[in-house]
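A short write-up of the structure that comes next.
The values are calculated or read from the model by the stated rules, or taken from the named source; none is laboratory data. Predicted model only: the values in this text are computed from it and were never measured. Counting neighbours? That spans all protein chains shown, and the Cβs are built from the backbone with ideal geometry, glycine included. All accessible areas refer to the heavy atoms of the entire protein, side chains included, with ligands and DNA or RNA removed. Shrake-Rupley method; radii C 1.70, N 1.55, O 1.52, S 1.80 Å.
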Amino acid sequence: MKRSLLLLIFLPTYVWAGGKSNAPAELRLQVRASQSLFEPFNNAEPIRLYLRSTAQCYVTLYQIHPDSGLAILYPQPHHHWRELEAKREYRLAELADDLELKYHDLEGYVYLGIIATREPIHLVPWLEQAFGERGVKIGQKPEKFLDDEVEALVEKVESDVRFRMGEPKESSFALIPVLVHSQTQFYTADWRETPRSQRFYFEGRYHFVTPEPPRNSPGAALRVPSPFPPRKPLPGASTIAPPATKEKPNNVRTPRREKKN
């Protein structure tokens, strides 16, 4: 009798501990470049960007620019869709040989969007449809497009994608504003403007990474640890309501997954 009682006492503890250890790692993204993302980039040179995640995942990359609309960067149909290992940093060229960020003819802010999913979900048709319905199409200059509207538009698109997937904890999102200038603008124009925050979505809300404030400023004490120290995001809450149900477009080409030996 005493032995049975001991088994009943320890069994719930064992089950709880086992469930916790088997829980999947949280999926979060980190993005950095060869220079500060809060300083302008020279459009005469490619931007060297690096990605890292806290868990194994597949990523989808796109960009938005007021002069050229939407562009899907990765994966393209000819790409071998690679699974990213947890906590390993990747150069874009490691994902695809032809994946480069070049902006020789562009000036202003380019918004880089990144979506990470645990499974290889082909999001490109959904992105094209969701952005197109809001006036941002592939390779076309939007009729009306203001920088301060981009973030709100992307939030709606990301909400649409999460709703379609149905598992918000299985994905993570990032939006990185990159300011691009010509070589002459660095010397002839006043490009000093307020940098725009990087936006990351995980744990059911948006978090923001802003330039480091002065040590004595009130905001210096508001930062919390990120999964990859010493970079520290400043959290901010934002609740996104799901849109109406939509159908997935047909007749789309799915990128090839990378085959592991």
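Yes/no per residue for (1) exposed (fewer than 14 other Cβ atoms within 10 Å of the Cβ); (2) modelled with pLDDT under 90; (3) not acidic (Asp, Glu):
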| site | (1), (2), (3) |
| --- | --- |
| Ile121 | no, no, yes |
| Leu127 | no, no, yes |
| Gly132 | no, no, yes |
| Gln140 | yes, yes, yes |
| Asp148 | yes, yes, no |
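Under the condition of being touching a Lys or Arg at 6+ places or on another chain (Cβ under 6 Å) and under 22 Å from Gln56 (Cα atoms), which residue from the range 150-178 is modelled with the lowest pLDDT? Don't jump to the end; show me each part of the working.
Initial filter on the range 150-178 (touching a Lys or Arg at 6+ places or on another chain (Cβ under 6 Å)): 153, 168, 170, 172, 175, 177.
If we keep only those that are under 22 Å from Gln56 (Cα atoms) as well, we get 168, 170, 172, 175.
On the way: Pro168: 60, Glu170: 82, Ser172: 94, Leu175: 97.
The selected residue is Pro168.
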Exercise. Taking interchain pairs and intrachain pairs at least six residues apart, which have beta carbon atoms under 7 angstrom, with the first residue in the range 99-123 and acidic (Asp, Glu) and the second in a loop (DSSP other than H, G, I, E, B)?
Worked result: Glu100/Pro46; Glu107/Asn43; Glu107/Ser182
Problem set entry | Gly108, sole failed condition from (1) under 18 Å from Gly139 (Cβ atoms); (2) surrounded by 16 or more Cβ atoms within 10 Å (Cβ to Cβ) | (2)
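Counting only residues that are within 20 Å of the chain's Cα centre (by Cα) and surrounded by 15 or more Cβ atoms within 10 Å (Cβ to Cβ), how many does the range 41-52 have? Please lay out each step first, then the result.
First pass over the range 41-52, keeping only residues within 20 Å of the chain's Cα centre (by Cα): 41, 46-52.
In the following step, the residues that additionally are surrounded by 15 or more Cβ atoms within 10 Å (Cβ to Cβ) were identified as 41, 46-49, 51-52.
Going through the range 41-52 one residue at a time, the tally reaches 7.
Return yes when His78 is more than 14 Å from Val31 (Cα to Cα) and open to solvent by 10 Å² or more (accessible area, probe 1.4 Å) and no when it is not.
Yes; evaluated as a whole, the condition is true for this residue.
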